[in-house]
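To keep things clear, I will list the structure first and then write my remarks on it.
The values are calculated or read from the model by the stated rules, or taken from the named source; none is laboratory data. Since the model is a prediction, treat every value here as computed from it, not as a measurement. In this analysis, Cβ positions are derived from the backbone assuming ideal geometry, glycine residues included, and neighbour counts consider all displayed protein chains.
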Amino acid sequence: MPKQTCQLDDVFQALADPTRRAVLERLSRGAAPVSELAQPFAMALPSFTQHLNVLEDSGLVTSQKAGRVRTYQLAPDTLQLAQSWLQVQRAGWESRLNQLDSFLSELKEQQP
């Protein structure tokens, strides 16, 4: 399987979880330490850290450690990969729907 396909699979798997999507939404406003990211969620820190690991493994976020504090930030290039794939899919479906619309319009005009 091509590397880009594997990475795209990892991105969509990471985006499938609502906790991880909420973390990405928070990080869209800027970098944050683990303690701040974990605060709104009712789960143990090790469980939350697993979510961060999935995001980092998929390439959606990066982290830096300074002393005892690990800070996460978005990695927007990986989101661009998913967006590009979705744009191609959308263009294909819009084309199919436009063809269907034309076909149905022709049928309507042919009826007495």
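Here are the numbers for the structure shown:
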{"quantity": "Yes/no for A82 being surrounded by 12 or more Cβ atoms within 10 Å (Cβ to Cβ), without any contact (Cβ under 8 Å) to a residue 40 or more places away in the chain and under 14 Å from the mean Cα position of the chain (by Cα)", "calculated": "no"}
{"quantity": "Odd one out for H51, checked against (1) surrounded by fewer than 17 Cβ atoms within 10 Å (Cβ to Cβ); (2) part of a helix (DSSP H, G or I); (3) at pLDDT 95 or above; (4) not aliphatic (A, V, I, L, M)", "calculated": "(1)"}
{"quantity": "Count - residues of the range 1-34 that are of a type outside the set (A, V, I, L, M), touching a residue at least 24 places away in the same chain (Cβ under 8 Å) and not in a loop (DSSP other than H, G, I, E, B)", "calculated": "8"}
{"quantity": "Sole exception among (1) more than 20 Å from the chain's Cα centre (by Cα); (2) closer than 30 Å to V54 by Cα; (3) surrounded by 10 or more Cβ atoms within 10 Å (Cβ to Cβ) for S105, by number", "calculated": "(2)"}
